[in-house]
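Heads up, the thing below is written out as C-alpha cells.
The values are calculated or read from the model by the stated rules, or taken from the named source; none is laboratory data. Keep in mind that what you see is a predicted model, and the values were worked out from it rather than measured. Because the Cβ atoms are built from the backbone with ideal geometry, glycine has one as well, and the counts that use them run over all protein chains shown.
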Amino acid sequence: MESIIVHPKNAMELSALKSVLKEMNIKFEKFHTKNTHHNQKTIKKIVYRKNEKIAKLSKPKGL
C-alpha cells in the first residue's frame, strides 16, 4: 500500500487530521520535523563527551 506525507499548516489542521485518521482506524506515525538536524548533532556530541569521560583516568579521592 502506498503512504502519504502530510504537512498541516497549523495546530487546527493537525488536530482535524488526527481525529479523522483515528475515526477511520487508520494507523499513523508522529514525526517532528523541527530540529531533527539539531537532535542528531546533539546526540553525536553527547556520545562523544561520554566516550571522552570514560577515556580519562580517574584519580582516587582523598589522597
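Collect the residues in region 33-49 that are modelled with pLDDT under 65 and surrounded by 10 or more Cβ atoms within 10 Å (Cβ to Cβ), keeping them in residue-number order.
Matches in region 33-49: ASN35, THR36.
Rundown of residues vs (1) at pLDDT 85 or above; (2) of a type in the set (A, V, I, L, M, F, W, C), yes/no style:
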residue: SER3; (1), (2): yes, no
residue: PRO8; (1), (2): yes, no
residue: LYS18; (1), (2): yes, no
residue: LEU21; (1), (2): yes, yes
residue: ASN25; (1), (2): yes, no
residue: PHE31; (1), (2): no, yes
residue: ASN51; (1), (2): no, no
residue: SER58; (1), (2): no, no
residue: LYS61; (1), (2): no, no
